[in-house]
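The values are calculated or read from the model by the stated rules, or taken from the named source; none is laboratory data. All of these numbers come straight from a predicted model, not from anything done at the bench. Quick reminder, even Gly has a Cβ in these numbers, built from the backbone with ideal geometry, and neighbours come from all protein chains shown. The protein model used for the area step is the full one, side chains on, heavy atoms only, and it has no ligands, DNA or RNA in it. Shrake-Rupley method; radii C 1.70, N 1.55, O 1.52, S 1.80 Å.
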Amino acid sequence: MNSKIAPVIDLYELKGQLQYQGEAVTQIEHAWQCGQLAKSQGASQHLQLAAWLHDIGHLLSKLEGSPTISGKDDRHEIIGSKYLSSIFPETVYKSIELHVDAKRFLVSTEPEYRDQLSVDSIRSLQLQGGIMTMDECHNFLSKPYAAESIQLRRWDDLGKKSDCKMPELDEVIYELEELALGSA
């Protein structure tokens, strides 16, 4: 295995079974579901990998459990993007960096979008800056990878199904590894 991606794979093997507080999936189940949604919609290999890895910052966080319950924003999008920037091209990590702002944008521009959010996503929304102003929306849309981050955010919201049958863990890790190797 490529030594640059080994720590990413190790992280999912070590912490992937952690449960999302208030969600019906583990970290690896969520990552896999998001990756499958991206793949089924014909996303580029890099955007598929971003879908898999968009919450890696939660695995890197030193905060226990779900930080939003205690009123803390773990800034997982920044932590994860920064971590991945030394391994993958910006076509992978930039949409990860923007996926929280994409949630804020969607809540601001599509009133019905907020109703689809999970309890934890609603709780974190306020900690992450809440609804965007019109100027913030325009600024967000002007950023490279804004469109990709919006799509990534939609997969993020859909990738939390408890009844989705995931393959065995070793198959999932192998799939992630193959995708990462092709994107590094």
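In this structure, is Ala24 aliphatic (A, V, I, L, M), under 24 Å from Lys161 (Cα atoms) and modelled with pLDDT of 95 or more? It is false that Ala24 is aliphatic (A, V, I, L, M), under 24 Å from Lys161 (Cα atoms) and modelled with pLDDT of 95 or more.
Of all residues being among the hydroxyl-bearing types (Ser, Thr, Tyr) and either open to solvent by 60 Å² or more (accessible area, probe 1.4 Å) or not in a helix (DSSP H, G or I) (or both) in the range 67-95, which is nearest to Val8 (Cα to Cα)? Just the residue, please.
Per the stated criteria, the residue is Tyr83.
With respect to the conditions (1) surrounded by fewer than 21 Cβ atoms within 10 Å (Cβ to Cβ); (2) at pLDDT 95 or above; (3) part of a helix (DSSP H, G or I), Lys143 lacks only one, and its number is (3).
Can you name every residue in the range 125-140 that is among the polar types (S, T, N, Q) and either outside any loop (DSSP other than H, G, I, E, B) or at pLDDT below 95 (or both)?
Gln126, Gln128, Asn139, listed by residue number.
Filtered by the rule that a residue be open to solvent by 60 Å² or more (accessible area, probe 1.4 Å), touching a residue at least 40 places away in the same chain (Cβ under 8 Å) and of a type in the set (Ser, Thr, Tyr), the range 12-45 gives a lone residue, Ser44. If I filter the range 177-184 for residues that are at pLDDT below 95, among the charged types (D, E, K, R) and surrounded by 13 or more Cβ atoms within 10 Å (Cβ to Cβ), do I get at least one hit? Checking the range 177-184: at least one residue is at pLDDT below 95, among the charged types (D, E, K, R) and surrounded by 13 or more Cβ atoms within 10 Å (Cβ to Cβ).
Filtered by the rule that a residue be polar (S, T, N, Q) and open to solvent by 80 Å² or more (accessible area, probe 1.4 Å), the range 101-140 gives Gln116, Gln126, Asn139. Residue pairs whose Cβ atoms lie under 7 Å apart, separated by 6 or more positions or on different chains, with the first residue in the range 81-97 and within 15 Å of Gly182 (Cα to Cα) and the second modelled with pLDDT under 95 and open to solvent by 50 Å² or more (accessible area, probe 1.4 Å), are Ile87/Lys4; Ile87/Ala184; Phe88/Ala184.
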